[in-house]
Amino acid sequence: MSKGPGVEKMFDAIADRYDLMNRVMTFGQDRRWREFVVERGEDPGAGLVLDLACGTGDISALFKRQNPTARVVGGDFSRNMLSYAQHRLGREDFHWQECDANNLPHDDNVFEVVSFGYLLRNVDDSLTVLQEVHRVLKQGGRVVCLDTTPPAKNLLYPFIRLYLALGIPLLGKVIARDESAYAYLTGSTMDFHDADRLADIFRQAGFTAVAYKKFMFGTIAVHWGVK
């Protein structure tokens, strides 16, 4: 059974509290991770940037702020998320688009950069999505991915697992008024590819110079690569 309809409904439901919840459950560190995503995207010049799973537009806004001449497309399959992005950032400097990452509505070889935050753990097949991203990137274009990654089984593991299993769903209940959504997000973190495996999938999709950096006690990873 496809994750798509359930995930779309979930993100539509939490859109109005999504930003606040991100700030609280990451202790404000999520801003730094998004800044790193834009840094790894390098300078697209006046070219096109696609920010997939753009949510309420944080990464899209950072790309535009750091690269004023770039043309930024924010894509998401949650209408409510796109509505909040449009409300926050307007339409003049951005193009907002409802789209499915499995089948992007774009020609081959058009984007200088494709970024996405918390996309791959919510799709049925990471390789399919990455192959689509590879298709729409120009030769030499860059992909940058921000996502969760299962924590390593070290001394911190029991405490991290406790926070993921109990702390985040409790915060979701209090702040986002949706405990089940954040219980799902916690589960999707533990069940997702580890960072090395995800790097291998990037290479399978055709990317070179693939690397990653971890944050937040090893529970967050930013991967990047080149077409």
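Taking Cα atoms, how many degrees apart are the long axis of helix 79-89 and the longest axis of the chain, rounded to 10 and kept between 0 and 90?
Helix 79-89 sits roughly 70 degrees off the main axis of the chain.
Using the C-alpha atoms of segment 73-193, what convex hull volume per residue, in cubic angstrom, is computed?
On the way: hull volume 16.0 nm³, N = 121.
That works out to 132 Å³ per residue.
Arrange D196, D100, D58 by Cβ neighbour counts within 10 Å, fewest through most, would you?
Fewest-to-most ranking of D196, D100, D58: D196, D100, D58.
Relative to the longest principal axis of the C-alpha atoms of the chain, give the angle of the C-alpha long axis of helix 30-41, reported between 0 and 90° and rounded to the nearest 10°.
The helix 30-41 is inclined about 30 degrees to the chain.
Do any GluC sites (Glu not before Pro) in segment 91-182 lie in a loop, going by DSSP, with at most 15 other beta-carbon atoms within 10 Å of their beta carbon, and if so which? Please report the intermediate quantities before stating the final value.
On the way: sites: E92, E98, E112, E132, E179; in loops: E92.
Answer in residue order: E92.
Going by C-beta contacts inside 10 Å, put M25, M81 in order with the fewest on the left.
The order, fewest Cβ neighbours first, is M25, M81.
Before rounding to the nearest 500, sum -39500 (n - 2.57) across all DSSP H runs of length at least 4 in the chain and divide by the residue total; then give [θ] at 222 nm in deg cm²/dmol.
-12000 deg cm²/dmol
Pairs K153/K214; K64/K227; K153/K173; K64/K173: which are spaced more than 24 Å apart, C-alpha to C-alpha?
Working: K153/K214 15 Å; K64/K227 22 Å; K153/K173 28 Å; K64/K173 33 Å.
Violating the 24 Å limit, Cα to Cα: K153/K173; K64/K173.
Mind jotting down the three principal axis lengths of segment 133-172 based on Cα atoms? Whole angstrom, largest first.
Largest to smallest, the principal-axis extents are 43, 26, 10 Å.
Find, among the trypsin sites (Lys or Arg not before Pro) in segment 19-116, those assigned to loop by DSSP (not H, G, I, E, B) with at most 11 other beta-carbon atoms within 10 angstrom.
In loop regions of segment 19-116 (DSSP not H, G, I, E or B), the sparsely surrounded trypsin sites (Lys or Arg not before Pro) are R91.
Using the count of nearby Cβ atoms within 10 Å as a rough guide to exposure, how do V136, V110 rank from fewest to most?
Working: V136 20, V110 17.
Placing the least packed residue first, the sequence is V110, V136.
Once you list every other residue whose beta carbon is under 11 Å from the beta carbon of D93, what net charge do they have if Lys and Arg are +1 and Asp and Glu are -1?
Numbers: positive: K64, R65, R71, R91; negative: E92.
So the environment of D93 carries a net charge of +3.
Any read-out appearing in this document is the output of simple, stated calculations on the displayed coordinates, not a laboratory observation. What you see is a predicted model; the values in this text were computed from it and never measured. So basically every Cβ, Gly included, is an ideal-geometry build from the backbone, and we count neighbours across all protein chains shown.
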